[in-house]
Amino acid sequence: MALTGVEIFKLLPKTNCKKCGHPTCLAFAMKLAQRQASLDACPDVSEEAKRVLGEASAPPVRPITLGVGDKAVKMGEETVLFRHEKKFVNPCAFAVEIKDTMSDGDINRIAEEVVNSEIDRVGQKLRVDAICISNASNDAGKLVAAVKTVAAKAPAVPLIISTGNPAAAEAAVKVVADKRPILFGADESNADAMANVAKANKAILGVSAKGLDALSSLTEKIKGLGVEDMVIDGGARSAKEILRDNTLVRRAAIKKNFKPLGYPVITFAQRDDSMLEALVASLGIAKYASIVVVNSVEKWKNLALFTLRQNIYTDPQVPMQVEQKIYKLGEPTPESPLMITTNFSLTYFIVSGEAENSKVPCRLAVMDSEGLSVLTAWAAGKFTASKIATFIQESGIENEIKHRELIIPGYVAILSGSIEEKLPGWKVTVGPREANALPAFLRSRA
Ligand code: SF4
């Protein structure tokens, strides 16, 4: 059972030293009880308290890493039901299914699509994270062959091997045992044998049951067999069942600290209709799946799902920011235009992207506005004439350029006069309101 804040407080040093970042031990205890802090933050906690609190302070959804190396995927560690309460921790992974009945050509093509799926969006690398190879043939030899083909084509991509046949599982998992795959397919009929294969090969075990009651009994049984790392599937396949079951699992784990369901959830969203599949996958992303398995990875679908995932897994309390500095776009000369904007990541990447599209070399002064966009920063007093003037003067840009013209975003045209007053010798030009008008604006001046 979860401990209350007062019970946790009794085990803390009670010195109120603030080293944990909280004003008192009691405040820290309350955060621990809400799973919004980690016990590690208190350097003076006793070994006895660590032992007692270890379980209580452990994340209610077990942290598990799929794969190895740069492309390994972290799952679990979630502590809240709703993103605004704190944040969602480990973004849901996307896996595409490859059936071992497919031709070599198709298997290679899909593996290559996964390898090439990576895109850069607002400074983050986004990709299809994993491949789920399923034993549709029921033939161990075909499963092993498919695993070998995928491992050769996409050696760094984490794998899920899906089969209910322990002999096929053993043969296939051995091929990639050093890559920490998920072995998916343990159920009530084969739990002992599948647990043994997972243990022997240090694989994560994917556990499936019909309904959440059966699932929680099964994870307890498998834990008793010595397998700690599991991903779970309560058998939901329709959108309605996925929404219901994923919510119930997360609630049980977070609100009740119910350990038998405290594992990352795998959601199977495969549909023949790609649009429908994207919708079901979106539901999985929004509602608590740690892995969503899809049939295909078309670029349009990836982009929609990547964007949704990125939005949901961004910490709502920490705006995405880029470093304050003067960025060179292209190879600007001392005569090239100088523009200014705020350091909200999305603003920076959109403005710099459009400026690059113009093919007009220029400089973009990005001012620290605590990650706020232009209008919000202006309204909050973080993108003001005085601050802009100070930034420009202290940036050293006056030594790099020959002109004294600053282009400001059209939304803050109102600042042009006051910036000129505070930056003697400078001329302020009002640029477009929207970044998509920048290419025409810059080209018209070139
Ligand atoms: Fe209390 Fe530990 Fe926080 Fe200090 S660091 S205030 S002892 S909980």
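The values are calculated or read from the model by the stated rules, or taken from the named source; none is laboratory data. As the structure is a computational prediction, the values presented were derived from the model and not from experiment. Because the Cβ atoms are built from the backbone with ideal geometry, glycine has one as well, and the counts that use them run over all protein chains shown. In case anyone asks, the SASA skips ligands and DNA or RNA and just uses the protein heavy atoms, side chains included. Shrake-Rupley method; radii C 1.70, N 1.55, O 1.52, S 1.80 Å.
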Fill in: Residue count for segment 406-446, restricted to those that are acidic (Asp, Glu) and open to solvent by less than 30 Å² (accessible area, probe 1.4 Å)
0
Worksheet, complete the sentence: Picking from 221, 255, the residue that is open to solvent by 20 Å² or more (accessible area, probe 1.4 Å) and modelled with pLDDT under 95 would be 255
Worksheet, complete the sentence: When residue 282 is run through (1) open to solvent by 10 Å² or more (accessible area, probe 1.4 Å); (2) assigned to a loop (DSSP other than H, G, I, E, B); (3) not charged (D, E, K, R), the failure sits at (2)
Worksheet entry | Hey, residue 78 assigned by TED's automatic domain parsing to the domain that holds residue 151, away from the ligand (no atom under 14 Å from the Cβ) and over 25 Å from residue 231 (Cα atoms) or not | no
Worksheet item: For segment 25-52, how many residues are within 8 Å of the ligand (Cβ to nearest atom) and farther than 26 Å from residue 88 by Cα?
Response: 2
Practice prompt. Count, please, the residues in segment 234-274 that happen to be assigned to a helix (DSSP H, G or I), among the hydrophobic types (A, V, I, L, M, F, W, C) and touching a helix residue (DSSP H, G or I) at 6+ places or on another chain (Cβ under 8 Å).
Written response: 8
Worksheet item: Given the conditions (1) under 25 Å from residue 130 (Cβ atoms); (2) among the polar types (S, T, N, Q); (3) within 16 Å of the ligand (Cβ to nearest atom), which single one is not true for residue 15?
Response: (1)
Discussion item. So if I check each of 7, 48, which one is more than 31 Å from the chain's Cα centre (by Cα), open to solvent by 70 Å² or more (accessible area, probe 1.4 Å) and either in contact (Cβ under 8 Å) with a residue 60 or more places away in the chain or within 22 Å of residue 258 (Cβ to Cβ) (or both)?
Written reply: 7
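Just give me the residues in segment 300-338 being assigned to a helix (DSSP H, G or I) and touching a Phe, Trp or Tyr at 6+ places or on another chain (Cβ under 9 Å), in sequence order.
302, 305, 306, 309, 312
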Worksheet entry | In segment 176-196, the residues that are open to solvent by less than 10 Å² (accessible area, probe 1.4 Å) and assigned to a helix (DSSP H, G or I) | 191, 194, 195
Practice prompt. Report whether or not residue 339 is open to solvent by less than 60 Å² (accessible area, probe 1.4 Å), touching a Gly at 6+ places or on another chain (Cβ under 9 Å) and modelled with pLDDT under 95.
Written response: no
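Specify which of the listed residues (391, 383) is in contact with a helix residue (DSSP H, G or I) (Cβ under 6 Å, 6 or more places away or on another chain) and under 25 Å from residue 361 (Cα atoms).
Matching residue, one of 391, 383: 383.
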Worksheet item: Across segment 47-71, what is the total count of residues that are small (Gly, Ala, Ser), within 27 Å of residue 181 (Cα to Cα) and at pLDDT below 85?
Response: 1
Item to complete: Kindly indicate whether residue 62 is among the basic types (Lys, Arg), buried (at least 18 other Cβ atoms within 10 Å of the Cβ) and out of contact with any Asp or Glu (no Cβ under 6 Å at 6 or more places or on another chain).
Response: yes
Worksheet, complete the sentence: Those residues of segment 51-95 that are among the small types (Gly, Ala, Ser) and without any contact (Cβ under 8 Å) to a residue 24 or more places away in the chain come to a total of 2
Response to the item:
Over segment 101-137, the set of residues among the β-branched types (Val, Ile, Thr) and touching a strand residue (DSSP E or B) at 6+ places or on another chain (Cβ under 8 Å) is 107, 110, 114, 119, 128, 131, 133
Discussion item. Can you report the number of residues in segment 207-218 which are surrounded by fewer than 23 Cβ atoms within 10 Å (Cβ to Cβ) and assigned to a helix (DSSP H, G or I)?
Written reply: 6
